[in-house]
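The values are calculated or read from the model by the stated rules, or taken from the named source; none is laboratory data. Just so we're clear, the structure is a prediction, and the values are computed from it rather than from any experiment. Cβ coordinates were reconstructed from backbone atoms using ideal geometry, including for glycine residues, and neighbour counts include every protein chain displayed. The area values use the complete protein model at the heavy-atom level, side chains included, leaving out ligands, DNA and RNA. Shrake-Rupley method; radii C 1.70, N 1.55, O 1.52, S 1.80 Å.
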Amino acid sequence: MTKERARLEKQRVRQRELRERNRALKRPSRDDFARMLLHIAFEENVRSGNFAELERLQDGLVDKLVNQGFDKDQCDLVFEDLVDKYKRGWDFLKKVHLRSGQD
């Protein structure tokens, strides 16, 4: 078990250093890209009233999430809640720690 603990600690240190390096470089993660892509899809389609495209996106996204084990009804509710927020003018939550003093 000692070798396993040492391996896990080494992995934790490596991941922490990687996150710190990426933060210093202001390097976006895969999740950052996914969040921004979803934001763009909601913002543009709600603004233009393209609800058929939003429905198509919802169907595809929900199907993929259900395949991963999520509940279909809950996925639909989350998607629809997000669309409602965008309809009310909700804006994407920005990562304030990335802003410089000049922003």
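Within segment 61-73, being polar (S, T, N, Q) and either open to solvent by less than 90 Å² (accessible area, probe 1.4 Å) or assigned to a helix (DSSP H, G or I) (or both) holds for one residue alone: N67.
Across segment 20-37, the number of residues qualifying as open to solvent by 70 Å² or more (accessible area, probe 1.4 Å), within 27 Å of L61 (Cβ to Cβ) and either among the β-branched types (V, I, T) or outside any loop (DSSP other than H, G, I, E, B) (or both) comes to 6. Counting only residues that are part of a helix (DSSP H, G or I) and open to solvent by less than 60 Å² (accessible area, probe 1.4 Å), segment 74-94 holds 6 of them. When H97 is tested against (1) modelled with pLDDT under 95; (2) in a helix (DSSP H, G or I); (3) open to solvent by less than 100 Å² (accessible area, probe 1.4 Å), exactly one condition is not met: (3).
Contact annotation: residue pairs with Cβ atoms under 9 Å, 6 or more positions apart or on different chains, pairing a residue in segment 73-86 that is in contact (Cβ under 8 Å) with a residue 24 or more places away in the chain with a partner that is outside any helix (DSSP H, G or I) and surrounded by fewer than 16 Cβ atoms within 10 Å (Cβ to Cβ), are L82/W90. Of the residues making up segment 1-13, those that are surrounded by 10 or more Cβ atoms within 10 Å (Cβ to Cβ) and not hydrophobic (A, V, I, L, M, F, W, C) are R7, E9, K10, Q11, R12.
Residues that are without any contact (Cβ under 8 Å) to a residue 40 or more places away in the chain and over 12 Å from V83 (Cβ atoms) within segment 36-46 comprise L37, I40, E44, listed in sequence order. Which members of segment 68-93 meet the condition of being closer than 21 Å to F33 by Cβ and polar (S, T, N, Q)? Listed by number, the list holds a single entry, Q68.
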